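Notes to accompany the following structure.
The values are calculated or read from the model by the stated rules, or taken from the named source; none is laboratory data. Everything quoted here is computed from the prediction, not taken from an experiment. A quick note on method: Cβ atoms are made from the backbone with ideal geometry, for glycine too, and the neighbour counts reach across all protein chains shown. Ligands, DNA and RNA are excluded from the accessible area calculation, which covers all protein heavy atoms including side chains. Shrake-Rupley method; radii C 1.70, N 1.55, O 1.52, S 1.80 Å.
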Amino acid sequence: MNTGAATKMSGLLLRQLGQRVLSTSACRGLVAETTANLRHAGQVGGVRYKSSLATDAANEEKAENTKAISSYWGIAPPKIAKEDGSAWKWNCFRPWEAYTADVSIDVEKHHKPTNLMDKFAYWTVQTLKIPVGLFFQRRHMCHAMLLETVAAVPGMVGGMLLHCKSLRRFEHSGGWIKALLEEAENERMHLMTFCEIADPAWYERALVFAVQGVFFNAYFLAYVVSPKLAHRIVGYLEEEAVISYTEFLKDLDNGSFENRPAPAIAIDYWRLPQDSTLRDVIVVIRADEAHHRDLNHYASV
């Protein structure tokens with residue numbers, strides 16, 4: 001189609017529609033219709049705008065509430081209450097993880113070394129305790145904090161290696177993974193309890209870094225070479241822990257160390273009476289160490 005033909009067709013179309021589109025009544029109708037559409041759009045837009053404002057306000061309020069959430073994984077912790085209805089304030093353990101310690105266990109029990117492996121484990125522990133004893137002497141609280149930072153390592157290392165072994169061999173662990181991880185968790189709770197009471201100096205914190213770093217790697221290698229030897233070493237370490245806490249109790253009884261009220265975390269974790277003291281806490285911790293002693297000696301058989 002050339003330019004002249006297009007011009008003629010456009011003119012014919014305008015002549016046919018000009019009477020309808022360009023008439024006054026048609027214009028008025030078009031204006032009225034347009035106005036009505038704009039008014040309707042304004043109403044709908046206003047509702048949508050108000051809805052958007054409400055949604056934004058709700059999102060802002062939700063964001064403000066989530067700012068107060070403190071969780072390692074970024075998930076809001078569930079609201080948990082104690083049996084009396086009060087709020088549960090501990091994130092390091094839950095009410096169903098609390099328990100009553102068995103303090104009737106024999107704390108004087110000793111595994112006599114009989115073979116070369118036992119003697120090596122025993123004298124290794126006896127050698128390691130000499131510099132520790134010279135450094136801390138009767139400073140029981142700082143000694144206990146260092147002891148727990150080390151004692152919580154074997155269970156985690158053993159549980160981790162058994163976990164990997166179970167995955168490689170496609171077989172069960174006989175419950176040992178859970179037992180060792182629970183031991184590590186219990187030792188960590190000992191440390192959390194002492195943190196509520198004592199504030200170690202900077203050089204004691206530095207010592208923890210050094211000792212834990214060396215012990216972790218040494219115990220890892222020992223467990224890879226011989227799990228029985230590793231468990232026997234821990235058994236003797238726990239025996240020394242029991243002896244250490246027994247000395248702590250003696251100083252509490254003779255007044256050399258202040259028998260202050262028990263921290264709240266210890267009362268909730270071991271389900272102790274509300275009027276419990278530090279001595280009661282040391283008694284249950286010593287009982288835990290005695291159980292760990294027997295567990296590791298049994299695993300070394």
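The figures follow:
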| read-out | value |
| --- | --- |
| Matching residues in region 92-103 - criterion: being loosely packed, with under 11 Cβ neighbours inside 10 Å and without any contact (Cβ under 8 Å) to a residue 24 or more places away in the chain | 96 |
| Residue within region 194-204 that is farther than 19 Å from residue 284 by Cα, surrounded by 15 or more Cβ atoms within 10 Å (Cβ to Cβ) and out of contact with any Phe, Trp or Tyr (no Cβ under 7 Å at 6 or more places or on another chain) present | yes |
| Residues satisfying the stated conditions in region 126-167, i.e. surrounded by fewer than 19 Cβ atoms within 10 Å (Cβ to Cβ), among the β-branched types (Val, Ile, Thr) and touching a residue at least 12 places away in the same chain (Cβ under 8 Å) | 132 |
| Checklist (1) open to solvent by 10 Å² or more (accessible area, probe 1.4 Å); (2) at pLDDT 95 or above; (3) of a type in the set (A, V, I, L, M, F, W, C) applied to residue 264, failing item | (2) |
| Number of the exception - residue 271 against (1) of a type outside the set (A, V, I, L, M, F, W, C); (2) surrounded by fewer than 16 Cβ atoms within 10 Å (Cβ to Cβ); (3) under 23 Å from residue 137 (Cα atoms) | (3) |
| Hits in region 143-160 - residues which are among the hydrophobic types (A, V, I, L, M, F, W, C) and in contact with a Leu (Cβ under 9 Å, 6 or more places away or on another chain) | 144, 145, 146, 147, 150, 151, 152, 156, 157, 160 |
| Scope region 216-239; condition surrounded by fewer than 19 Cβ atoms within 10 Å (Cβ to Cβ) and in contact (Cβ under 8 Å) with a residue 12 or more places away in the chain; matching residues | 216, 220, 224, 226, 227, 228, 229 |
| Pairs with Cβ under 6 Å, 6+ apart, first in region 113-124 and over 17 Å from residue 293 (Cβ atoms), second in a loop (DSSP other than H, G, I, E, B) | 119/113 |
| Those residues of region 246-277 which are of a type outside the set (A, V, I, L, M), touching a residue at least 24 places away in the same chain (Cβ under 8 Å) and within 23 Å of residue 107 (Cα to Cα), in sequence order | 246, 247, 248, 251, 253, 256, 257, 269, 270, 271 |
| Candidate set: region 274-301, residues that are within 27 Å of residue 176 (Cα to Cα) and outside any helix (DSSP H, G or I); chosen: the one least open to solvent (accessible area, probe 1.4 Å) | 300 |
| Extreme residue, most open to solvent (accessible area, probe 1.4 Å), among residues of region 205-215 that are within 13 Å of residue 150 (Cα to Cα) and free of Cβ contacts under 8 Å to residues at least 60 places away in the same chain | 209 |
